[in-house]
Structures are given as structure tokens and as C-alpha cells.
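S.K.: Quick one: the structure is below, and I'll ask about it shortly.
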Amino acid sequence: MLGRLQLDGYQLVDDPQGTDFVIVNTCGFIEQARHESFSAIDEMLELKRRGETGGVIVAGCLAERQKEQLLESRPQIDSLVGVFARDEVARVADRLMGNLREQRTVFSPAPVQALSDRQRFRITPRHFAYLKISEGCDRLCTFCAIPRMRGKHVSKPIEEIGREAAELAADGVRELLIVAQDTTYYGLDLYGRPRLADLLEVLEAVDGIDWIRLMYFYPMYIDDALIRRIASSRKVLPYLDMPLQHASDSMLKRMARRVRRDETESLLDRLRAGIPDLVLRTTFITGFPGETQDDFERLREFIQKQRFQRVGVFTYSREPETPADRLPDHLPEEVKQQRRDELMALQQAISMEYNEAQVGKRMPVIIDQQVEHEDNVWIARSRADAPDIDGVVYLSGLEQPLATGQIVTAEIVAAQQYDLVGAAVSSN
Ligand code: SF4
């Protein structure tokens with residue numbers, strides 16, 4: 001949306017006060033996210049009421065999911081822009097600026113071809129970027145509202161993704177984070193078979209890109225060719241984010257994950273055997289409807305046994321219009337939270353052990369930013385750390401000043417609960 005607005009001559013500013021209009025780009029995934037989105041919308045509507053901004057446009061998943069409710073409950077919203085109408089955003093802005101108020105909503109059906117994300121205007125740091133390889137999802141996990149909001153899976157053509165990656169590299173990106181709702185499904189809709197391994201070969205050839213990080217793997221369609229591609233790559237990091245959601249077969253069945261625990265275990269064995277020094281991130285849900293103490297014990301024992309380096313645990317969020325919402329045996333919020341806390345405490349000890357094992361090692365790190373008011377002290381990330389969700393490496397510099405986006409070798413000198421402390425020993 002920012003790219004489209006910039007092409008149309010709009011200028012982005014930091015402060016909503018004094019603007020011609022604001023756009024609130026919303027998330028509608030789970031209740032907490034919707035709550036945050038509603039708060040942001042209300043804050044902007046209050047600015048509009050005080051005459052401090054000229055209009056409020058609401059875009060994104062919440063607009064897609066709850067358009068009637070938004071229009072009725074907040075008549076001061078000037079326009080709603082649906083997920084698949086995002087390329088219309090500049091036209092919506094033009095109409096608002098021209099005071100043409102007759103059309104308040106712009107929605108499009110889910111496209112059969114993926115929308116292009118070229119000519120982006122990025123507000124994230126220059127040196128890393130999210131690269132979306134497909135949109136939508138063909139899975140039917142019973143707790144998840146995403147397929148309703150984002151439609152069926154549509155992959156971008158390999159060549160198009162290659163061009164987008166080259167454009168990002170020319171714009172200063174060194175680390176690509178490969179995202180989609182389901183990255184291992186990539187290509188099946190377009191080419192009749194999953195083609196993530198082929199896509200990685202194309203991305204590997206893009207000059208300027210040094211790190212490729214794979215997010216949102218589904219534990220299916222991960223064949224030996226893909227494992228070999230990751231293992232043999234100079235750029236694809238030995239890091240996988242693969243949400244598993246649960247480890248009790250009865251829960252996995254109720255969630256309609258279509259993967260049993262023993263299948264996941266053998267996949268984890270294959271991944272670890274095939275990819276040296278693999279770091280695994282995963283996420284689980286506690287308190288899914290019908291989760292018994294026995295189901296929970298199975299999950300806890302699985303986490304204890306598997307010793308993932310990174311784990312996120314979320315309490316089940318009851319989502320209207322999802323199959324899980326209609327299941328019997330919903331659990332009280334306290335039970336969901338108590339089970340989440342128990343798993344997080346277990347994982348803290350495992351993470352600490354992993355971090356302590358890094359002390360004394362030398363490893364490449366990418367520099368994200370300088371620590372304010374410090375001379376030559378930096379915040380960096382190792383190959384085991386995705387931005388925003390994993391830890392960081394606090395880095396003291398070499399004699400010469402370092403720079404954001406630079407990849408240097410660090411020697412790890414201390415471990416904290418989630419972060420590491422290191423000293424740069426050479427610039428790569
Ligand atoms: S694979 Fe992910 S996005 Fe797709 S339905 Fe399941 S949880 Fe939702």
C-alpha cells in the first residue's frame with residue numbers, strides 16, 4: 001500500500017497529527033489482535049474528531065473480516081479497504097482528498113493469481129525484508145480464521161519472486177525472510193507440485209542477498225530434496241520456523257492438522273540428521289477445546305524430549321465462524337493460561353541451556369542497530385535469531401566502527417535468558 005501511495009505522490013510522515021488522512025492497517029487473526037486494531041482505529045477517529053487529521057481509512061484483515069460491524073459501529077470511518085483491494089488504496093485516498101464520499105468500501109474477491117509486491121516502499125530496516133511467496137491457505141485447521149480472510153493458496157511465479165528479491169537486494173536487503181501462510185505448500189497450486197526447493201535455488205543466485213530465512217513451514221511436503229537444498233546452501237540458514245500447534249494425536253485430529261505425532265517426530269529426526277546445526281522454532285496452542293490433562297502432559301513431554309531451541313506458546317483464542325468454535329468442551333481461560341505458563345517455564349530452562357552452550361563459539365551475526373548513547377555497542381542477531389521473535393546478540397565493536405546491515409564474526413562471551421553477549425572479532 002505504501003508503494004502504491006508513494007507512486008501516486010503521497011508522502012509518508014511520522015506523526016498522524018496534522019495529516020490529510022491516516023490509514024490504519026489492521027490484523028484480524030485472533031481476538032487480542034482485533035482488540036489492538038480496534039484501539040488503534042478509535043485513537044485515530046478521536047484525532048479526526050479533534051480536527052487533527054482529515055480522514056481515517058481502515059485496511060487489512062479486520063476490515064475484511066468485520067466490515068459490517070466496523071461500518072455500523074464507527075460511522076466516522078471514511079473508507080474500508082479489503083485485503084485484496086489493497087492496490088486501490090491510492091484511488092481511495094484520492095477520493096477522500098477530493099471530498100468524493102459516496103463510496104465507503106472497496107473490496108475485491110480473492111485473486112486467482114497472486115498480487116505483485118514489486119515497487120515496495122519499505123519502512124522496516126534496509127538490510128532485511130519479508131518476502132511473501134504466496135498468499136492464502138488451503139489447509140483447514142479448525143482453530144484458524146485465516147483461510148476465510150485471505151482466500152485459497154495462490155503462489156507467485158518463481159521468476160516473479162526472483163525479480164522481487166533482486167529489487168530488494170538493490171534496495172540494500174541482505175537478509176530475506178521467506179513468508180507465506182504455508183511455505184511448504186509453495187508451488188502446488190501453480191505447478192502441480194511443491195517447488196520450494198526450486199525457488200530457493202533461484203533466490204540463492206540473487207547477488208547481494210547473504211541470508212535466507214525460512215518461516216512458517218507446515219510439517220508436510222518436506223522431502224529429501226528440500227532438506228538437501230537447505231543443507232547444501234551457502235545462504236539458506238539452518239533455521240526453520242515450523243508451527244506444530246500440539247503433540248497429542250487426539251488434539252491434532254480435532255485441530256484437523258492431518259499430521260500425527262509419530263510423523264512429526266520422524267520429520268524432526270530427518271531434518272536434524274540432514275541439516276547440521278539446525279535451529280528449530282515452533283509454536284503450540286494450549287487449551288484447545290477438549291484438551292485433557294493427559295493431552296497436555298503429552299505436549300509437555302514432547303517439548304521436554306524435543307528440546308526445540310525456540311518455542312512460542314499461545315492460549316487458544318475462540319474465533320467466531322471457525323469449526324473449533326462450535327466444538328464442545330471449551331476450557332476456562334485460567335486453565336489455558338496456567339498450561340501456557342507451565343510450558344513457557346519449561347522452555348525457559350531449555351533456551352537457557354542452549355544459550356549457555358553458545359558461549360565461547362564464534363559465529364556470524366548481522367547488525368541491526370547501534371545501542372543508543374553507547375560508543376560502538378550494537379544489537380545484532382545470529383543465524384538462530386529471526387527479527388522481532390527471537391533473541392539478539394549484544395555486540396561490542398572492533399576498533400573500526402561497525403555499520404547496520406554488516407555481517408561480522410562474533411565471539412560469544414556470555415549468555416542471558418534469551419539473548420547473547422558477544423564481541424566482534426572480524427568483519428566478514
Ligand atoms: S496452515 Fe496456518 S494459515 Fe493455514 S489454516 Fe492452518 S493455521 Fe491457518
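S.K.: Which residue pairs have Cβ atoms under 7 Å apart, sit 6 or more places apart or on different chains, and have a first residue in segment 256-276 that is closer than 23 Å to Asp138 by Cβ and a second that is modelled with pLDDT of 95 or more and among the polar types (S, T, N, Q)?
M.R.: Partner pairs satisfying both residue conditions: Ala256/Thr142; Arg257/Gln245.
S.K.: Can I ask one more? Name, by its number, the condition in (1) touching a His at 6+ places or on another chain (Cβ under 8 Å); (2) closer than 24 Å to Cys144 by Cβ; (3) small (Gly, Ala, Ser) that does not hold for Ala324.
M.R.: (1)
S.K.: Could you please let me know if Arg381 is under 23 Å from the mean Cα position of the chain (by Cα) and basic (Lys, Arg)? Reasoning before the result, please.
M.R.: Working: under 23 Å from the mean Cα position of the chain (by Cα): yes; basic (Lys, Arg): yes.
In short, yes.
S.K.: Test each condition in (1) surrounded by 15 or more Cβ atoms within 10 Å (Cβ to Cβ); (2) within 25 Å of Leu177 (Cα to Cα); (3) under 23 Å from the mean Cα position of the chain (by Cα) for Thr322 and report the one that comes out false.
M.R.: Only one criterion is unmet by Thr322, namely (2).
S.K.: In this structure, is Asp189 within 16 Å of the ligand (Cβ to nearest atom), of a type in the set (Asp, Glu) and touching a Phe, Trp or Tyr at 6+ places or on another chain (Cβ under 7 Å)? First the steps, then the outcome.
M.R.: Details: within 16 Å of the ligand (Cβ to nearest atom): yes; of a type in the set (Asp, Glu): yes; touching a Phe, Trp or Tyr at 6+ places or on another chain (Cβ under 7 Å): no.
In short, no.
S.K.: So which of Arg298, Arg310 is out of contact with any strand residue (DSSP E or B) (no Cβ under 8 Å at 6 or more places or on another chain), surrounded by 15 or more Cβ atoms within 10 Å (Cβ to Cβ) and more than 30 Å from Arg65 (Cα to Cα)? Let's see the steps before the verdict.
M.R.: Values: Arg310 fails: out of contact with any strand residue (DSSP E or B) (no Cβ under 8 Å at 6 or more places or on another chain).
Residue meeting the stated conditions: Arg298.
S.K.: Here are some residues: Ala324, Ala345. Which one is without any contact (Cβ under 8 Å) to a residue 12 or more places away in the chain and either of a type in the set (Gly, Ala, Ser) or touching a strand residue (DSSP E or B) at 6+ places or on another chain (Cβ under 7 Å) (or both)? Show your work before the answer.
M.R.: Details: Ala324 fails: without any contact (Cβ under 8 Å) to a residue 12 or more places away in the chain.
Every option except Ala345 fails the conditions.
S.K.: Return yes or no: is Gly98 under 24 Å from Tyr10 (Cβ atoms), among the small types (Gly, Ala, Ser) and away from the ligand (no atom under 16 Å from the Cβ)?
M.R.: Values: under 24 Å from Tyr10 (Cβ atoms): yes; among the small types (Gly, Ala, Ser): yes; away from the ligand (no atom under 16 Å from the Cβ): yes.
In short, yes.
S.K.: Identify the single condition in (1) in contact with a Gly (Cβ under 6 Å, 6 or more places away or on another chain); (2) over 28 Å from Pro157 (Cβ atoms) that Ala256 does not satisfy, given that it satisfies every other one.
M.R.: Just one mismatch for Ala256, condition (1).
S.K.: Filter segment 384-414 for residues that are within 20 Å of the chain's Cα centre (by Cα) and either modelled with pLDDT under 90 or of a type outside the set (Gly, Ala, Ser) (or both) and give the result.
M.R.: Answer for segment 384-414, where residues must be within 20 Å of the chain's Cα centre (by Cα) and either modelled with pLDDT under 90 or of a type outside the set (Gly, Ala, Ser) (or both): Asp385, Pro387, Asp388, Ile389, Asp390, Val392.
S.K.: If I ask for residues that are away from the ligand (no atom under 11 Å from the Cβ) and of a type in the set (A, V, I, L, M), which ones from segment 142-160 would you list?
M.R.: Answer for segment 142-160, where residues must be away from the ligand (no atom under 11 Å from the Cβ) and of a type in the set (A, V, I, L, M): Val154, Ile158.
S.K.: Kindly indicate whether Val311 is at pLDDT 95 or above, farther than 22 Å from Ile30 by Cα and either of a type in the set (A, V, I, L, M, F, W, C) or assigned by TED's automatic domain parsing to the domain that holds Asp419 (or both). Working first, answer last.
M.R.: Working: at pLDDT 95 or above: yes; farther than 22 Å from Ile30 by Cα: no; either of a type in the set (A, V, I, L, M, F, W, C) or assigned by TED's automatic domain parsing to the domain that holds Asp419 (or both): yes.
Judged against the criteria, Val311 is not a match.
S.K.: Ok, one more. Let me confirm something: among Ile389, Ile366, which residue is surrounded by fewer than 17 Cβ atoms within 10 Å (Cβ to Cβ) and touching a Lys or Arg at 6+ places or on another chain (Cβ under 8 Å)?
M.R.: Working: Ile366 fails: surrounded by fewer than 17 Cβ atoms within 10 Å (Cβ to Cβ).
Only one candidate qualifies: Ile389.
The values are calculated or read from the model by the stated rules, or taken from the named source; none is laboratory data. For clarity, every value in this text was computed on a predicted model and none was experimentally measured. We place every Cβ from the backbone using ideal geometry, glycine too, and count neighbours over all the protein chains shown.
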